[in-house]
Amino acid sequence: MMKNFYRLFCLFVVATIAVACGGDDASDDGGGGSALNVTNPVVTDVKASSAVVTLTASGSGIISRGVVYGTSANPTINDFKVNGSSANMTIALTGLSASTTYHVRGYAQTSATVQYSADVTFTTASEDSGDDDDDEVQTEGPEALARVSVHDPSVVWDPSSSNYYIFGSHRAAARSTNMMTWVSFTAPWATATSTNAANSAAFTTPQVTKVKKGGTEYEFNFDAHAWSARGSTSYNVDGMMWAPDVIYNKKMGKWCMYLSINGDYWYSSIIMLTADKITGPYRYQAPVVISGFRSGDSYKSTDLEIVVGTQSSLPSRYAVGDNWGTRYPNCIDPCVFYDENGKLWMSYGSWSGGIWMLELDEETGLRDYDVEYTLTGSGDGITVDPYFGKKIAGGYYVSGEASYIEYIGGYYYLFMTYGGLAAGGDPGDYNNGGYQMRVFRSLTPDGPYVDGKNASAVFNKYQLNFGPNENDGNRGVNIFGAYSKWGNLLTGGSQDASGERSQGHNSIIAAEDGRAYLVYHTRFQNWGEGHQVRVHQVFQNEDGWLVAAPFEYTGEVTKTAKIAKKQYVATENIPGKYKLLVHNYKLDHTTKAYSSPVEIELKADGTISGAYTGSWTAKSGTSYININIGEEYKGVMVEQTLEPKNEKAPCFTALRSSTGVTIWGYKYSD
């Protein structure tokens, strides 16, 4: 399962719907049911991974209502649950498995009883169904683009409102129905006494103060604000709420926000907040993981002893003082996702001791305290820690943050961003700039993650991994980097006409419309530290590596799910003059260097001339193309719009996986 709860290849189908015999119309305990009325669900719009349920649940004293569902008959509120907010409900079920029969019941709950409707069944489509939408017509273009500034955008789909949402640092957020027209909003915080609490009050008092391990209940009351304030005498949380990730937890029936409350000297925590609606208000529930207990008895304020048992003093492996960052993570930049088996995971971390992974409890959304991690490695080379979980990337204070994991076409892809997040241009500060997305992949959610050279995402010593002095062997696929003079994007001018640079802290969503969208923030060549969100489609090449479309998404009908079985650009329309952009490693961010295009020609006889020479081949009946310019690049050929103008052209994006270098091209006329 994926973060947006849809499988990549879901398509429209005709569903089989039936009301099961002997449905249970009585309440669970026989008390108070006469005041409640729950109609049988009507299931419509069934796809490979989703369905829409309509019903009514009315009566007096209702404290919760909605639908429950599962693969066994007569599901209850202890199974998957989606809450409704009013008596007449239309609820989207997402994250379903293809070709599977599900049971769904409506319910209404009072303080005394739970009343259920009859059991209704429906069968989802196969992933291969409904492949006859070749007549899809593009209805929007670059005129629909409306920009927003959301740093560290994490994307999620809300089926109930048919909106994509992005959540970013320091409460920046936006929504869009089409991935182009973005509208900003702010999700409020909730406390016991407020539905619009101040930042300073929102993270002090958790709603969950008891956790279980091995059947034993432990008291745990964590003030996240106070913990982070330990690192500074003038702490202000307003600028320390970093990189939230929002996901819908089906078993909880809640939207869950995972947010880093950051502090100096690694005094940070990732906390979970929940809301009934994706727009909030979000209320602090409990911490998931905490960092910075590097000396003294500060660990007594954390859940370390719940995890590893009572300690007479801080275990020596954590007692590293200011060397904490070489060995252990800073608890920031969470990414929470369901794997293909329905298990919930969280990756997290930034620079410092690397990116780590924990299994979460699907019932609570918090850490699964019953999952134990056996200490592996020693010193700064620890790769599995009883408290922090499993290291999946980085370490030794190598740069790298913003881990994001998505399952697409058989692989879990790990995105990270290397380098410094600023725009660059400061020769005296190497860490100012160089921000660049890198990609690894794995067959399993917790790794091992490797790049196209089979190099591990985990480092075994410090190496510089960005900029002109990079000496790590160019680790991680370079999906793209700083560029300008590309299409209708010029050097200088307004932000829309400036070349992009320092792109990163991305998220990616395998969406229900058959497309995969890469969402990131970018700075610009000549616009200081100002930044905006950009969205590009992403495709898989023949080797299963991701390649990003060369231009921003502006409503093109191209679908990731169809690249392998539809030729979007006919072979006879490919020959012509092209601008070619090579995304090399080691750009000098201290001088604000960027990649710029050169001219080549793809000839009808399959040869290439111009700034590069070689050959090209297109695979008939698919959108795959191979470009050989001394080295072979495997990619896809699609039609795109050269935003911000409404000019369409054949475009290719391709990767040489053994080097990690990506190339882009678009056809042009003199």
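The values are calculated or read from the model by the stated rules, or taken from the named source; none is laboratory data. Please read these numbers as outputs of a predicted model, since none were measured by experiment. Cβ coordinates were reconstructed from backbone atoms using ideal geometry, including for glycine residues, and neighbour counts include every protein chain displayed. We work out accessible area using only protein heavy atoms, side chains counted, and drop any ligands, DNA or RNA first. Shrake-Rupley method; radii C 1.70, N 1.55, O 1.52, S 1.80 Å.
Proximity of backbone amide H atoms, modeled 1.01 Å from N, is registered between residue 523 and 501, 503 at under 5 Å, excluding neighbours fewer than 5 places apart on the same chain. For the chain, with all protein chains present and a 1.4 Å probe, just round the carbon and sulfur fraction of the accessible area to a whole percent. So the carbon and sulfur contribution to the accessible surface is 46 percent. Nearest 0.05, what FRET efficiency do residue 431 and residue 35 give at R0 = 60 Å with Cβ-Cβ as r? After rounding, the FRET efficiency stands at 0.40. Counted over region 557-670 with a bin width of 10 Å, the fraction of Cα pairs per bin, in whole percents, is 14, 46, 33, 7, 1.
Each Lys and Arg Cβ is given +1 and each Asp and Glu Cβ -1; about its Cα centre, region 512-670 then shows a dipole of about 140 debye. Ordered from highest to lowest accessible area with the whole protein assembly present and a 1.4 Å probe, 559, 577 read as 577, 559. Taking Cβ atoms as reference points and 10 Å as the exclusive limit, the residues near residue 383 contribute a net charge of +1, counting Lys and Arg as +1 and Asp and Glu as -1. Whole-Hz Karplus values for region 171-181 come out as 6, 5, 7, 7, 9, 7, 8, 9, 6, 10, 9 Hz, taken residue by residue from phi with 6.51 cos²θ - 1.76 cosθ + 1.60 and θ = phi - 60°; glycine and proline positions read x.
With every protein chain kept in place and ligands, DNA and RNA left out, what is the accessible area per residue of region 579-654? Probe 1.4 Å, answer in Å². Working shown, then result.
Details: 3140 Å² over 76 residues.
Per-residue accessible area for region 579-654 comes out at 41 Å².
Across all C-alpha atoms in region 260-319, the radius of gyration and Dmax reach 14.3, 44 Å. Candidates 504, 487, 398 compared by Cα position along the dipole of region 390-518: farthest toward the positive end lies 398, with charges placed on Cβ.
When +1 charges are put on Lys and Arg Cβ atoms and -1 charges on Asp and Glu Cβ atoms, the dipole computed for the chain relative to its Cα centre reaches about 780 debye. For region 171-283, the ratio of Cα radius of gyration to the globular rule of thumb 2.2 N^0.38 Å stands at 1.16.
Both radii come from the Cα set of region 332-381: Rg as radius of gyration, Rh as Kirkwood radius; their ratio Rg/Rh reads 1.01. Put the Cα centre of region 570-607 next to the Cα centre of region 180-231 and the gap is 49 Å. Our helix-only sum for the chain, with -39,500 (n - 2.57) per DSSP H run of n ≥ 4 divided by its residues, gives a mean residue ellipticity at 222 nm of -500 deg cm²/dmol. Label point of residue 603 set 7 angstrom out along Cα-Cβ; within region 619-636, amide nitrogens under 19 Å from it belong to 626-631.
What's the magnitude of the charge dipole for region 521-582 around its Cα centre, counting Lys and Arg as +1 and Asp and Glu as -1 at the beta-carbon? Answer in Debye, nearest 20. Can you show the working numbers first?
Details: 8 positive and 6 negative charges, 26 e Å.
The dipole of region 521-582 has a size of about 120 debye.
Taking only the Cα atoms of the chain, the radius of gyration and Dmax are 25.5, 82 Å. Expressed in units of 2.2 N^0.38 Å, where N is the residue count, the Cα radius of gyration of region 472-598 is 1.12. When each of the peptides 648-654, 316-322, 98-104 is scored by how many other beta carbons lie within 10 Å of its residues on average, the order from highest to lowest is 648-654, 98-104, 316-322.
Would you be so kind as to identify which of 242, 206, 627 lies farthest towards the positive end of the dipole of the chain, taking Lys and Arg as +1 and Asp and Glu as -1 on Cβ and the Cα centre as origin? So the residue we want is 242. Pairwise Cα distances in region 360-499 exceed 25 Å in 41 percent of cases. Accessible surface computed residue by residue for region 379-458, with neighbouring protein chains in place and a 1.4 Å probe, gives 27 Å² per residue. For residue 150, the amide hydrogen comes within under 5 Å of the amide hydrogens of 533, counting only partners 5 or more places away or on other chains and with H modelled in the peptide plane. For region 546-551, 3J(HN,Hα) computed residue by residue from phi via the Karplus equation (6.51, -1.76, 1.60; θ = phi - 60°) reads 7, 10, 9, 4, x, 10 Hz, glycine and proline entered as x. Projecting the Cα positions of 309, 366, 354 onto the charge dipole of region 304-377 (unit charges on Cβ atoms of Lys, Arg, Asp and Glu, taken about the Cα centre) puts 354 furthest along the positive direction.
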